[in-house]
Amino acid sequence: MNFVRRFDPATLAPDAFDFQVLSELESNITVGCRAPQGVKGPKRHIHASDQVYVILDGTIHVELSGEAFKVEKNSVVFIPAGTPHTNWYDGPGVETHIDILAPAPSAMGEVGTMVDDDYQGGPGTHFVRSFDGVELSEIVPGYMTAPLVDRADGSEHVHVRLFETMVGGPALPWHIHEFDQQYYILDGVFEVDVAHEHHTVTAGNLVRLPAGVPHRNWNGGDTVERHIVILAPHPPEVGPWDMEVNFALTGKAL
């Protein structure tokens, strides 16, 4: 499996809304989107899945069930299932964002359903949240984090967090999850061991960690590293999310 995928907006259409599929897991799909100034996104529609945008650069205008938002870089947009929405891009410049749909839409069905301009729907729990508006706390030495999208916000299928890892901090021990996990690197250098592979991961890369795959990670650079964590399906409210394991290759072929 390709555990690391790079989002490369330069490969997408220069004069239209376009996207690159980064990951297709059982629990969610994740795509990178690019929109030049002056274009519109898909027509007004709804999804059967919850949806999250992570704004990487530029500005996006979003209409969510009749409510309009201007959303800047370093923000998330939560669009619960059934919420009619559409996007447009007035600039300045190019906008890029990560788009997450959870649970993953069926490969045999439609991703979205078009609706009229006056259609209203959804649970009404949509929101926009800036990274600057959250307070990070240290969960283990050298690792600071805060939730961006959580079950408390109405998200039943995906949990999204902002992480900062400190220079010289210890590597987390080998561990696994009962849910799929992904990292999208925003700044800095992240060292990640995934099973028998080692990856030095920089900004613009997505790390895919399916449930049950042993991994560990640490800050490998000389500046604070920042990344987005995507967990799907949403982890339980109680109980440990990380389960430490003993992992080492024996070198023996079977």
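Among the listed residues 56, 22, identify the single one that is in contact with a Gly (Cβ under 7 Å, 6 or more places away or on another chain), at pLDDT 95 or above, assigned by TED's automatic domain parsing to the domain that holds residue 84 and over 28 Å from residue 116 (Cβ atoms). Walk me through it before giving the result.
On the way: 56 fails: in contact with a Gly (Cβ under 7 Å, 6 or more places away or on another chain).
From the options 56, 22, the qualifying one is 22.
For the condition assigned to a loop (DSSP other than H, G, I, E, B), buried (at least 20 other Cβ atoms within 10 Å of the Cβ) and either charged (D, E, K, R) or at pLDDT 95 or above (or both), residue 125 does not qualify.
In segment 86-116, how many are out of contact with any Pro (no Cβ under 9 Å at 6 or more places or on another chain) and either over 19 Å from residue 20 (Cβ atoms) or in contact (Cβ under 8 Å) with a residue 40 or more places away in the chain (or both)?
Filtering segment 86-116 down to residues out of contact with any Pro (no Cβ under 9 Å at 6 or more places or on another chain) leaves 88, 90, 92, 97-101, 104-110, 113.
With the extra rule that they be either over 19 Å from residue 20 (Cβ atoms) or in contact (Cβ under 8 Å) with a residue 40 or more places away in the chain (or both), the set shrinks to 88, 90, 92, 97-101, 104-106, 108-110, 113.
Number of matching residues: 15.
Considering only residues in segment 57-82 that are in contact (Cβ under 8 Å) with a residue 40 or more places away in the chain and more than 19 Å from the chain's Cα centre (by Cα), the one that is farthest from residue 150 (Cα to Cα) turns out to be 66. So which residues in segment 83-122 are part of a loop (DSSP other than H, G, I, E, B), under 21 Å from the mean Cα position of the chain (by Cα) and either within 14 Å of residue 156 (Cβ to Cβ) or among the polar types (S, T, N, Q) (or both)? The answer is 83, 103, 106. When the residues of segment 21-49 are filtered to those that are in a loop (DSSP other than H, G, I, E, B), closer than 16 Å to residue 77 by Cα and small (Gly, Ala, Ser), which remaining residue is nearest to the chain's Cα centre (by Cα)? It comes out as 49. The set of residues from segment 207-242 being closer than 13 Å to residue 190 by Cα and in a loop (DSSP other than H, G, I, E, B) comprises 220, 221, 222, 223, 224. When residue 252 is tested against (1) surrounded by fewer than 20 Cβ atoms within 10 Å (Cβ to Cβ); (2) within 13 Å of the chain's Cα centre (by Cα), exactly one condition is not met: (2).
The values are calculated or read from the model by the stated rules, or taken from the named source; none is laboratory data. Note that the structure is predicted; figures quoted are calculated from it, not measured. FYI the Cβ positions are ideal-geometry reconstructions off the backbone, even for glycines, and counts take in every protein chain you see.
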